[in-house]
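Structure first, then comments.
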Amino acid sequence: MMRDRATASSRMSNKVTETTPRVLIVGGTGVFGERLVTGLLRRTALNVVIAGRHEARLAAMVQRCDAIPDAAGRTSALVMDARTVTPDRLIATGAFAVVDAAGPFQGGDYRLAEASIAAGIHYIDLADARDFVAGFSVLDTAAKQAGVVALTGVSTTPALSNAVLEALTAGWRAVDGVEIAISPGNRAPRGLAVVRAILSYAGRPVRVFTHGAWRTRPGWGMTVRRDMPGLGRRWLSLVETPDLDIVPARFMVTSSAVLRAGLEMPLLHLGLLATSLPVRLGLVRSLAPLARSFRWVAGLLERFGTDRGGMTVEAIGTDQNGDKVSGIWSLVAEAGDGPFVPTLPALAVLRALDEGRITRPGASACVGVLPLADIEAEFTLYRIHSTTRFECVGPRLHWPNHH
């Protein structure tokens, strides 16, 4: 196990192959970090340094990784606090890229990204926090001067969602509306950070572009029940993500751009909606302090529902022929593979960085960086399937198959 001692570098050198590029995964024992680590070991030849604050968890993670076929000896562990890490410490790992899979991103700072840039190391993160992603460009000048790539939001949103929209609307004359929906299976693991993030905006004002104007709507509001291809009808509510800013601007949306997410169990989804009412009324500032309690309640119901989750991205607009059309992309993850989805854009970006296909330095959100095909190529190891279809919708804006 690596520590802040002089022997740290030698221990890591003995554990991994020196000639193979190395990636440092911060939060590598978490819900998404662990899945990214295993994806890298199964899909690439890269070595992986797993960083975190808990020595026992790191040791157990390395043991699990060594059991993966052709992965023995390719991982090492590093006890590290990302809040106090220095550029020199990152340089000592020998990594060519640093991944922040831990956060927290809601209200978080850019210390790890700044240290990576100062160390001359590429940086990516799995942030889906609206404020974090919106302010990330403050690092652009430093990243360009250092000659490194720094990308935020390399996850389901905005990286995957924007890649889908680019594919759906290629050649279109105009985009009228966009709806994005994400619904994990009830048996999917729930990290405390994810629960806290949802509760941080539930009931609080969220700025959203709808009906042709910017309006304020309550987080976990705008609740609907939608047909999700392959999953059936599920409840969905407004969530605060970077796409609420990015999609209207990038695609010049004329009517609405909304992102909703849902909990498969109606009891949990509608229960959270009811619990958020005191926040809407100004009686309670935030539900975030109740994150552990909410997670405990959700855990009691974990054996119910399914392990099938999915995502849909729908766009309505005018195609290159002047016809009003809708493009619908849907993803279904089977048998508990849904939690891998947020890590696959990062896996695709790390592969592209290693192969020299992403070279332009700077700091930005991960949009327009990789085509959808590159991300979908990472689905192959998992029970994850996507489909795309287009329909003529006539002269008036509506959402196909939605009631």
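No value in this document is a laboratory result; all are computed from the given coordinates. What you are looking at is a predicted structure, and each value in this text was computed from that prediction instead of being measured. Every residue, glycine as well, gets a Cβ built from its backbone with ideal geometry; the counts of neighbours run over all protein chains shown.
Along the axis of the charge dipole computed for the stretch 145-292 (Cβ charges of +1 for Lys and Arg, -1 for Asp and Glu, origin at the Cα centre), the listed residues 171, 152, 275 are led at the positive end by 275. Take the Cα of residue 302, step 7 Å along the line toward its Cβ, and report every residue of the stretch 178-206 whose backbone nitrogen sits under 15 Å from that point. Backbone N within reach: 185-195.
The fewest-to-most ranking of 275, 388, 157 by surrounding Cβ atoms within 10 Å reads 388, 275, 157. Taking the Cα centre of the stretch 17-163 as origin and assigning +1 to Lys and Arg Cβ atoms and -1 to Asp and Glu Cβ atoms, the resulting dipole is close to 240 debye. Each eigenvalue of the Cα gyration tensor of the chain, multiplied by 5 and square-rooted, gives one semi-axis; in descending order these are 35, 24, 20 Å. How high is the FRET efficiency from residue 225 to residue 140, r the C-beta distance, R0 56 Å, rounded to 0.05? Working from the Cβ atoms, E equals 0.85. Here the label points at residue 318 and residue 391, each 7 Å from Cα along the C-beta direction, are separated by 2.2 nm in the simple model. For the stretch 220-291, the spread of Cα positions along the three principal axes, ordered from largest to smallest, is 37, 31, 19 Å.
This model, with +1 at the C-beta of Lys and Arg and -1 at the C-beta of Asp and Glu, gives the stretch 256-403 a dipole about its Cα centre of some 660 debye.
Counting only DSSP H runs of at least 4 residues, each contributing -39500 (n - 2.57), and dividing by the residue count of the chain, the helix-based mean residue ellipticity at 222 nm comes to -8500 deg cm²/dmol.
For the stretch 135-290, the extents of the C-alpha atoms along the principal axes are 47, 36, 33 Å, listed from largest to smallest.
Fraction of C-alpha pairs exceeding 26 angstrom in the stretch 261-403: 52 percent, rounded to a whole number.
About its Cα centre, the chain has a charge dipole of approximately 1000 debye under the convention of +1 per Lys or Arg Cβ and -1 per Asp or Glu Cβ, with nothing else charged. Across the stretch 39-187, C-alpha contacts under 8 Å between residues 6 or more apart give a mean separation that, scaled by the residue count, equals a relative contact order of 16 percent.
Can you grab the distance from the C-alpha centre of the stretch 86-142 to the C-alpha centre of the stretch 146-192, Å, no decimals? The two parts, judged by their Cα centres, are 20 Å apart. Averaging the sequence gap over all C-alpha pairs within less than 8 Å and six or more residues apart, then dividing by the number of residues, gives the chain a relative contact order of 19 percent.
Taking other C-beta atoms within 10 angstrom as a stand-in for reagent exposure, 65, 366, 392 fall in the order 392, 65, 366, fewest first. Annotation for the stretch 281-306 versus the stretch 332-346: alpha-carbon center distance of 23 Å.
The label point for residue 215 and the one for residue 83, both projected 7 Å from the Cα toward the Cβ, are 4.0 nm apart. Does the stretch 164-226 come out rounded, prolate or oblate, given a ≥ b ≥ c as the square roots of the eigenvalues of its C-alpha gyration tensor, rounded meaning a/c under 1.5 and, failing that, prolate meaning a/b above b/c? Judged from the Cα gyration tensor, the stretch 164-226 comes out oblate (a/c at least 1.5, b/c at or above a/b).
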